[in-house]
1. Can you tell me what share of the DSSP beta bridges in the stretch 152-241 is antiparallel? A percent to the nearest 5 is fine.
2. Which distance in Å, rounded to a whole number, links the C-alpha centroids of the stretch 155-221 and the stretch 90-151?
3. Measure off 7 Å from each Cα along the Cα-to-Cβ vector at T166 and L88, then give the distance between these two points in nanometres to one decimal.
4. Quick check: pseudo-label points 7 Å beyond the Cα along Cα→Cβ at D67 and K50, how many nm apart are they?
5. Take the Cα atoms of the stretch 1-120, find their three principal axes, and give me the spread along each one in whole Å, biggest first.
6. Using only Cα atoms, figure out Rg for the stretch 152-241 and give it as a multiple of 2.2 N^0.38 Å.
7. R0 = 41 Å: FRET efficiency of K38 with Q227, Cβ-based, nearest 0.05?
8. Using helices alone, I'd like the mean residue ellipticity at 222 nm for the chain: each DSSP H run of four-plus residues gives -39500 (n - 2.57), total over residue count, nearest 500.
Amino acid sequence: MTNTTAKIALVAITKHGVTQMLNLAEKMPESFVMVSEKFSDRITNIANNKHAYTGALKAQIKDLFNDYDQIVFFISIGAVIRLVAPYLKSKDEDPGILIVDDNAEFVIPVLSGHVGGANDYAIQIANLLNATAVVTTASDVGKTIPVDILGRELGWKIEAPKINITRVSAHVVNEEAIAFIQESGNKNWWTRSTPLPRNIHLFTKFEDVDLNTHKAILWVTHRDIEQTLWQNLEERLVVYRPPAD
């Protein structure tokens, strides 16, 4: 589900790119539109907030990064990568970066697909443009648990070192045995239209899990977890903290 309060910028620098961008801008009136000065006459009458910049586009990128949650470029992937590279920090901080080709056939989330929400926006924008969303995030392609954002819409807070999240995510997408323990929180956490993958084994309490047969543990709980347990499980544990009942 996309964030309806997200600030979205649409950026185009070519004749055909501007045409496709204006089509999307009409369908997303809340979005901000940016074009080079040579196309300023084409955005004069649109309802969106807008700006026609002078000089090089690279001078605009810092402000776009600071001011917007999602930036949709109607520009080639290579050019966009070179433009945004100096401003990248981490997937927890960077805005979602999406690319739409000049024919509006494909919408490609290239940065912050999961945590930043670009994957969801790619699907939404593709629907608006009658295009194809090209999502490459393994958990989305494999229709499995997105470890780093699971339960986010339910108010769950993830609790684990980053290395644990990385290691456990790999176990999940590699279809290894995963123990999913839910002792608290909303039970409606699986929102995909496909069945829960068979490598995800459900439990209602930690004590029922055979730690020797499961590569990783996803644990939804209000329990206090002792440091010794974190150490014993090494990099196999990710904990989610739901809101208090």
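Read the figures in this text as sums done on the coordinates, not as results from a lab. Everything numeric in this text was worked out from a predicted model, so none of it was measured. So basically every Cβ, Gly included, is an ideal-geometry build from the backbone, and we count neighbours across all protein chains shown.
1. That works out to approximately 20 percent antiparallel.
2. Centre-to-centre distance over Cα atoms comes out at 23 Å.
3. 1.4 nm
4. Between D67 and K50, the simple spin-label model gives 1.5 nm.
5. Extents along the principal axes: 37, 30, 26 Å.
6. 1.02
7. 0.10
8. That comes out to -7000 deg cm²/dmol.
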